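Report on one structure; see the data block that follows.
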Amino acid sequence: MQSWVDSIHARARTRLGSGRVASYIPALAQQDPERLGIAVYTNAGELYSAGDAGVPFSIQSIAKVLLLTLALRTHGEALWQRVGLNPSGMPFNSLAQLEAERGKPRNPFINAGAIVVTDRLVGSFATPDKHLQDVARRLSGNVSILIDAEVLASEWQHRSRNAAAAYLMKAFGNLDNEVDEVLRTYFSCCALSMSCSDLSVALNFLAADGHARATGERFVSPGMTRRINSIMSTCGLYDAAGDFAYRVGLPAKSGVGGGIVAVVPGRMTVCAWSPALDESGNSVAAQYALELFAEELDAHPQEA
Ligand code: GLU
């Protein structure tokens with residue numbers, strides 16, 4: 001497995017130089033586009049990594065997986081009265097469907113959907129962002145995971161579009177709490193800094209029927225795990241989810257920090273990170289690394 005990861009890292013490096021680092025959140029624009037990390041965490045508890053796998057980066061929309069998981073744990077199926085379950089076919093920050101669909105976002109992985117999910121958590125926890133940080137620490141076994149204050153401040157300063165979505169949903173009665181509080185909490189969760197190694201370990205419960213190896217607990221039920229993986233498959237890579245599903249075929253979630261986490265159910269989780277993005281907002285080199293990884297899985301169906 002270590003030789004797969006090393007060889008995928010070397011081959012994916014050829015994609016460095018394509019794409020552009022996200023600049024609509026100015027703090028993210030400072031990221032080095034030459035970074036590339038890959039980490040694989042198997043259900044047997046083995047971690048394999050290459051390149052910048054240990055470097056913390058802004059997880060951004062990957063936080064939406066943890067937000068959704070916490071909201072399903074606390075609100076169950078009632079959550080789906082507030083947010084839909086279908087791909088949007090639109091950019092992650094689009095407002096167009098929200099007006100037509102009366103403030104109910106298409107799915108929990110577009111910004112509007114994650115803001116609604118955050119609103120549910122604001123109603124359930126005193127400090128949901130600190131709770132999420134704590135969950136990320138426990139699931140990854142890394143107590144030094146932090147919310148990046150500079151990224152949080154930058155997102156808050158440039159919040160107009162997310163604020164527009166939140167106010168529209170509030171006007172339709174789909175947000176219970178104050179817009180500012182919900183947005184601050186949402187940005188705070190997106191501003192968590194984690195490495196590829198942290199993320200591959202933290203989200204391994206999705207490959208292990210909901211069982212979190214780091215804590216020894218069943219974090220979610222097998223059925224809920226299957227459902228979260230399904231939403232990742234259909235909605236995890238913005239409006240390019242179909243392309244990614246065809247090329248890689250694994251449930252995955254990307255973020256504009258350049259990270260992508262993918263799940264091989266029953267076997268392992270893999271996280272790739274490189275900051276330069278394509279037009280859909282997905283990392284060019286990380287997508288390629290995961291494509292190469294899927295090809296290795298095809299070639300070695302029994303390993304790991
Ligand atoms: N915090 C980012 C935003 O709301 C998340 C975007 C993303 O990673 O898709 O704009």
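Key figures for this structure:
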read-out	value
Selected from 209, 243, 129 as most flexible by GNM, with the chain as the system and alpha-carbon contacts under 10 Å	243
Proxy reagent accessibility, fewest Cβ within 10 Å first, across 1, 232, 194, 224	1, 224, 232, 194
Rg and Dmax of the chain, Cα atoms only, in Å	17.6, 54
Positive minus negative residues near residue 215 (Lys, Arg vs Asp, Glu; Cβ under 12 Å)	+2
Simple label model, 7 Å out from Cα along Cβ direction - residue 298 to residue 149, nm	4.9
Most mobile listed residue (257, 216, 19) in the chain, GNM with C-alpha springs under 10 Å	216
Residue 101-residue 29 pseudo-label distance in nm [points 7 Å out on the Cα-to-Cβ vector]	3.1
Calculated from backbone phi, Karplus (6.51, -1.76, 1.60) coupling profile of the range 74-91 in Hz, x at Gly/Pro	8, 10, x, 5, 4, 4, 6, 6, 9, 9, x, 10, 10, x, 8, x, 10, x
The range 90-106 and the range 166-180: distance between their alpha carbon centers, rounded to Å	14
Cysteines not pairable in the chain (beta carbon separation under 4.7 Å absent)	189, 190, 235
Gained length - residue 11 relative to residue 280, 0.36 nm times residue gap less alpha-carbon distance	94.6 nm
Label-point separation in nm, residue 215 to residue 161, each point 7 Å along Cα→Cβ	3.3
Radius 14 Å from Cβ of residue 231, net charge of other residues (Lys, Arg +1; Asp, Glu -1)	+4
Ascending count of other beta-carbon atoms within 10 Å, so fewest first, for 6, 52	6, 52
On Cα atoms only, tilt of 2-12 relative to the major axis of the chain in degrees	70
Hits among aspartates and glutamates - C-alpha to C-alpha of residue 130 under 19 Å, sequence gap 8 or more where chains match	119, 148, 150, 155, 178, 180, 181, 198
Space enclosed by the convex hull of the alpha-carbon atoms of the range 114-170, per residue, Å³	96
Fully extended contour minus Cα-Cα distance, from residue 125 to residue 90, at 0.36 nm per residue	9.5 nm
Helix axis angle, 111-122 relative to the chain longest principal axis, alpha carbon, degrees	70
Exposure proxy order (Cβ contacts within 10 Å, fewest to most) of 156, 4, 80, 273	80, 156, 4, 273
Distance between the range 1-69 and the range 245-262 - C-alpha centres, whole angstrom	10
Residues with amide H under 5 Å from that of residue 268, placed H, sequence gap 5 or more	43
Helix 222-235 axis, angle to the chain major axis (alpha carbon atoms, nearest 10°)	90
Low-density loop cleavage sites - trypsin sites (Lys or Arg not before Pro) in the range 1-104, where at most 16 other Cβ are within 10 Å (DSSP)	102
The chain: most fluctuating residue of 40, 263, 151 per GNM, C-alpha cutoff 10 Å	151
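Computed from the coordinates by the stated procedures, all read-outs in this text should not be read as laboratory data. Bear in mind the structure is a predicted one, so any value in this text is a computation, not a measurement. Glycine gets a Cβ as well: all are built from the backbone with ideal geometry, and neighbour counts include every protein chain shown.
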